[in-house]
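Engineer: The structure's right below; bear with me while I get my questions together.
Quick note: the coordinates plus some simple rules give every number you see, no bench work behind them. None of the values given here were measured: they were computed from a predicted structure. Backbone-built Cβ (ideal geometry, glycine too); neighbour counts: all protein chains shown.
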Amino acid sequence: MRILICGGGIGGLAAALALARIGAEVTVFEKRPYPREEGAGIQMGPNGTRILRELGIAERLLPNIASPQSLCVHDGPSGQRLTQLPLGGWLEKRHGAPYWVAHRADLHASLMDAAQANPLITIHPGVDIESTKTYADEVLAVSHGEVVGAGDLLIAADGLHSTLRKALFGAPPPRYSGKSAARTVIPSAAVPKGIVTRSVGIWLAPQGHVVHYPVRGGEELAVVVIRKDPDGDTDWAREIEPDWVADAVAEFAAPVRNLVATSQTWRRWSLAELSPLPAWVRTRTLLLGDAAHPVLPFLAQGAVLALEDAATLARCLSNAQLASNGTLGNAASAAALAAYETARRPRSARVQNASRRNGEIYHLSGAMRTARNMTLRMAPPAKLLAGYDWLYGWKSGD
């Protein structure tokens, strides 16, 4: 198989590695001349770290990860701890893989290093694929009117604001959710009193919420502040004034206000949603990751869904090869892509809905906020987290 991938982010590189493992020759086109991953932290449940192990990335990433033992949920305005959910060893014992947190740049660098070291993978930076040409026996990738690659299949892994999603599927642009997020990274030694740096922490309030967790082996703390915001744009890493973030946490308890005041460097991105697409697959082309199913970041599953997509696609293509005695003709290829979409649509929709619902719960006010807090205080923590077995227990054969 010859596979073309448009997009050299986490999803595109994971797909390249997964497909190379089944013998495909993969060409990755990345529009940025110097491929790098913007952003700060990333959380990866067992459903994601299991795939990193399968791809051979875990060992490369291990020096830069942290494995928090708990997730502490607080009421933002009062600062009261509502519950402490088990992560770490509890989740690994339950699902056979750990819960990791890392800097997005470290994960991307590990994937990139592995891809560049793989003789079946070629990466072309600075090439923006704008359209395709599809024929009976191949698909061509077109950049600025010129054909730059030919393959049996083409994967659009070009993100939330995918060019190919619009060009190939006529999809409308994402719609702004009315919320934005700001992110920063703070040296752990500079974190103020009242913030636990070894765990994942979340602070809930009607106007927004704050999440923090260790990265870079615990040397730094990634902080994300989410707030209602009337203005949205498509910039993933726009610098923003500290006052914008300080205003978001003005009603939070002192530990959160002090944490936010520690950093003067913040980058903002607008949170967007996409209406479900009629299809992710058409002749010799498919969508993967945020290009197919962007998800709000209230369940920490956006990048992990892309990893799941990559593993599922490789499995479907491998099964099709085996069923057709090692070849992959048009019929077998079409069947493999249909199987990929059939497997991934319900899963991604469930995660999207759960993420959206989490955001609603995080931002409850009045009597509903009081009821939420009481429920979190009274419910056994392990039972609460067991409610996410459907999420963390996923395996590539599912």
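Engineer: Along the Cα→Cβ direction, 7 angstrom out, place labels at Ala331 and Glu146. What is the inter-label distance in nm?
Structural biologist: About 4.0 nm separates the two model spin labels.
Engineer: Apply the Karplus curve 6.51 cos²θ - 1.76 cosθ + 1.60, θ = phi - 60°, to the phi angles in the stretch 358-364 and return the couplings in whole Hz, x for Gly and Pro.
Structural biologist: Karplus values, whole Hz, x for Gly and Pro: 4, x, 5, 5, 4, 10, 5.
Engineer: Given that compact globular proteins tend to follow 2.2 N^0.38 Å, what is the ratio of the alpha-carbon Rg of the chain to that value? Display every interim value, and only then the final one.
Structural biologist: On the way: Rg = 21.1 Å, N = 398, 2.2 N^0.38 = 21.4 Å.
Dividing the Cα radius of gyration by 2.2 N^0.38 Å gives 0.99.
Engineer: Evaluate 2.2 N^0.38 Å with N set to the residue count of the stretch 1-83, then give the Cα radius of gyration divided by it.
Structural biologist: 1.50
Engineer: Residue separation times 0.36 nm, minus the C-alpha to C-alpha distance between Ala379 and Glu59: what's the value?
Structural biologist: The span from Ala379 to Glu59 would gain 111.6 nm if fully extended.
Engineer: Cα atoms only: what Rg and Dmax, in Å, come out for the stretch 192-328?
Structural biologist: Here Rg and the maximum Cα pair distance are 20.2, 65 Å.
Engineer: While we're looking at this one, here's another question. Which of Thr262, Thr197, Thr375 moves most in a GNM of the chain, Cα contacts under 10 Å?
Structural biologist: Highest fluctuation among the options: Thr375.
Engineer: Follow-up question, since we're still on this one. Sort Met1, Met368 so the one with the fewest other Cβ atoms within 10 Å of its own Cβ comes first.
Structural biologist: Met368, Met1
Engineer: Less than 17 Å apart at the alpha-carbon level, and either on another chain or at least 8 residues along: which aspartates and glutamates does that give for Lys395?
Structural biologist: Glu54, Glu92, Glu308, Asp309, Glu341
Engineer: Continuing with the same structure: For the stretch 206-251 and the stretch 1-56, what is the centre-to-centre distance using only Cα atoms, to the nearest Å?
Structural biologist: Measuring centre to centre over Cα atoms gives 26 Å.
Engineer: Now for a separate question. Points 7 angstrom from Cα along the Cβ direction at Asn319 and Asp243: gap in nanometres?
Structural biologist: Between Asn319 and Asp243, the simple spin-label model gives 5.7 nm.
Engineer: In the stretch 1-124, what % of DSSP beta bridges are antiparallel (nearest 5)? All intermediate terms of the calculation are to be shown ahead of the outcome.
Structural biologist: Numbers: 10 of 19 bridges.
The antiparallel fraction comes to roughly 55 percent.
Engineer: Using label points projected 7 Å from each Cα along Cα→Cβ, tell me how many nm separate Glu219 and Arg356, to one decimal.
Structural biologist: Taking the two extended label points, one gets 4.1 nm.
Engineer: Give me the lysines in straight-line cross-link reach of Lys31: C-alpha distance below 18 Å, same-chain residues under 8 apart excluded.
Structural biologist: Partners within reach: Lys166.
Engineer: Could you give the angle, 0 to 90 degrees to the nearest 10, between helix 366-378's Cα long axis and the longest principal axis of the Cα atoms of the chain?
Structural biologist: 90
Engineer: Let me ask something else about it. Taking the Cα atoms only, what angle lies between the long axis of helix 104-117 and the longest principal axis of the chain, rounded to 10 degrees?
Structural biologist: For 104-117 against the chain, the angle is about 20 degrees.
Engineer: Which angle between 0 and 90 degrees, to the nearest 10, do you get for helix 302-323 versus the longest principal axis of the chain when only C-alpha atoms count?
Structural biologist: The angle comes out near 30 degrees.
Engineer: Oh, and also: Name the residue, out of Ile22, Ile42, Ile155, whose mean-square fluctuation peaks in a Gaussian network model built on the chain with Cα pairs under 10 Å.
Structural biologist: Fluctuation is largest for Ile22.
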